[in-house]
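*Asks:* Have a look at this one before I ask anything.
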Amino acid sequence: MTQTLLLLPGDGIGPEVIAAAQRIARHVAPDVAIEEDLVGGAAVDAHGTPLSDETLERARGCDAVLLGAVGGPKWADVDRANRPEAGLLKLRKGLDVYANLRPAYCFEALVDASSLKRDRVEGLDLMIVRELTSGVYFGEPRGIDTDENGVRRGYETSVYTAPEIERVTRVAFEIARGRSGRVCSVEKSNVMESGHFWRQEVTALHEAGGAGVELTHMLADACAMELVRNPKQFDVILASNLFGDMLSDEAAMLTGSIGMLPSASLGAEGVPGLFEPVHGSAPDIAGQGIANPCAAILSLEMALRWSLARPDAADRVMKAVADALKAGARTGDLGGDLSTDEMTDAIIDCL
Ligand code: NAD
Ligand code: IPM
Ligand code: MN
């Protein structure tokens, strides 16, 4: 049966980097049917909503979804329920892709592009497993209003249920078993009830079914510090939605640029995976054709591996990116002067 990949380019540099990934897909998986739809500000402009129910249904019917980025200053004034980012959250929640894998590996050729010293990042290869469909991003109540004393306030709720912690923890354990077996679970159990509960649950899950996994715990602020002090101590980092978001941007800089980091968001068996760069729509460089396409291309690599069951094609993409970097291909964020198209050409030459 024909496999289908749905492209949701989105806003800003999203369409630029997704066009690059599409060129690579044509080379390594020409038989995959490619469809395209709108998300984010582009969907707000066309339909008045950042993700229509029709687009969500369409995504559910595909084998994998590759998204560029959403958001930008143009939509700063649309009401909050309809902001571009709300479309992305609706898509993640609607697909129930609760486990967001954010690998941070340092390509040999980029060791000196990192803001850290060579010996700290050479050979770095860690995986952040971020819970993606709960926590403070979705907890109720939330809002901006006036309390009974007439004081204006903004608030949200950080809540995790046991089943939500359990399913993402199982993914982290499983991923760790295929690596060096170490999981570091991160929260703020010292100040947050949901963090305290997270630590209790993860510990109990480890005792009950953590064979082959070495589990440690760290407070999220200390983890942020350790990530730049000695990042190679980590293998798998398990974190809530909010802490995983922040730690993955930090980890991105260890690899040279946020333009390098892909992600995969996975749900239950049979649910299409959602693949997206960790970076955003980069309004400061959008439209100039200079965005680094690597994060989008490596997100395609993850789609080939995790949802489309094409490990050989995925290996080809990974090797081509490494070889192009080794040959000196660099976009501006990596200190070079290649355009998005030229960087993509360099990668295609290495396929
Ligand atoms: P950003 O990631 O868009 O940009 C941060 C910095 O990194 C900018 O200087 C940008 O030029 C640079 N950068 C990012 N990707 C790059 C690439 N591929 N090549 C070269 N340089 C790159 O983050 P931001 O500025 O905080 O957010 C901008 C908008 O994007 C906001 O509306 C935000 O909500 C949205 N956003 C969306 C996603 C997503 O769609 N998954 C992720 C993060 C932010
Ligand atoms: C990310 C982004 C998103 C998040 C925003 C745009 C909703 O920062 O994917 O890292 O916070 O999850
Ligand atoms: Mn983020």
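*Asks:* In region 177-275, what % of DSSP beta bridges are antiparallel (nearest 5)?
*Replies:* 15
*Asks:* Compute the distance in nm between two label points, each set 7 Å from the Cα along the Cα-to-Cβ direction, one at ALA222 and one at ASP96.
*Replies:* Each label point lies 7 Å from its Cα, and together they span 3.6 nm.
*Asks:* Still on this structure: Indicate, rounded to the nearest 5 percent, the antiparallel portion of the DSSP beta bridges found entirely in region 97-246.
*Replies:* Antiparallel: roughly 45 percent of the beta bridges in region 97-246.
*Asks:* Further question on the same structure: Could you give the length gained by full extension between ASP147 and HIS47, i.e. 0.36 nm per residue of separation minus their alpha carbon distance, to one decimal place?
*Replies:* Value of the extension gain: 32.5 nm.
*Asks:* What does the convex hull of the Cα atoms come to per residue for region 204-298, in Å³?
*Replies:* Hull volume normalised by residue count: 151 Å³.
*Asks:* Got a sec? Which residues in region 210-231 would a label at LYS117 touch, if it sits 7 Å along Cα→Cβ and we count backbone N under 12 Å?
*Replies:* Once the point is set 7 Å along Cα→Cβ of LYS117, 229-230 turn out to lie under 12 Å by backbone N, inside region 210-231.
*Asks:* How would you rank 70-82, 286-298, 215-227, highest first, on the average number of other Cβ atoms within 10 Å across their residues?
*Replies:* By packing density, highest mean first, the sequence is 286-298, 215-227, 70-82.
*Asks:* Rounded to the nearest 20 debye, what is the charge dipole size of region 1-77 about its Cα centre when +1 sits on each Lys and Arg Cβ and -1 on each Asp and Glu Cβ?
*Replies:* My answer is approximately 240 debye.
*Asks:* Select from TYR137, TYR98, TYR155 the residue whose mean-square fluctuation is largest in a Gaussian network model of the chain (Cα-Cα springs shorter than 10 Å).
*Replies:* Maximum fluctuation in the GNM of the chain, among the listed residues, is at TYR155.
*Asks:* Could you give P(r) for region 61-173, binned at 10 Å from zero, as whole percent values over all Cα-Cα pairs?
*Replies:* Spelled out per bin, shortest first, that is 11, 26, 29, 24, 8, 1.
*Asks:* On to the next question. Would you work out the charge dipole size for region 210-282 about its Cα centre, treating the Cβ of every Lys and Arg as +1 and the Cβ of every Asp and Glu as -1, and quote it to the nearest 20 debye?
*Replies:* Dipole magnitude for region 210-282 comes out near 140 debye.
*Asks:* Next question, about the same structure. Order 31-43, 308-320 from most to least packed using the mean count of other Cβ atoms within 10 Å.
*Replies:* Ranked from most to least packed, the peptides come out as 31-43, 308-320.
*Asks:* Taking the alpha-carbon set of the chain, what are its Rg and Dmax in Å?
*Replies:* Over the chain's Cα set, Rg and Dmax evaluate to 19.9, 66 Å.
*Asks:* OK, next. Between beta-carbons, use under 10 Å as the cut-off and find the net charge around ASP37, counting Lys and Arg +1, Asp and Glu -1.
*Replies:* -2
*Asks:* With point charges of +1 on the Cβ of Lys and Arg and -1 on the Cβ of Asp and Glu, referenced to the Cα centre of the chain, which listed residue (PRO9, PRO84, VAL271) lies farthest in the positive direction of the dipole?
*Replies:* Going by the charge dipole, the pick is VAL271.
*Asks:* Separate question: Please give me the summed charge of the neighbours of PHE234: other residues whose Cβ is under 9 Å from its Cβ, Lys and Arg +1, Asp and Glu -1.
*Replies:* Within the 9 Å Cβ shell, the charges total 0.
*Asks:* Now for a different question. Could you list, in their original order, any pairs among LYS90/LYS232; LYS117/LYS319; LYS93/LYS326; LYS188/LYS232 whose Cα atoms are separated by more than 28 Å? Please list the in-between numbers first.
*Replies:* Details: LYS90/LYS232 34 Å; LYS117/LYS319 25 Å; LYS93/LYS326 38 Å; LYS188/LYS232 22 Å.
Exceeds cut-off: LYS90/LYS232; LYS93/LYS326.
No value in this document is a laboratory result; all are computed from the given coordinates. Bear in mind that the values here come from a model prediction, so they are computed numbers and not experimental data. Glycine also receives a Cβ, built like all others from the backbone with ideal geometry; neighbour counts cover every protein chain displayed.
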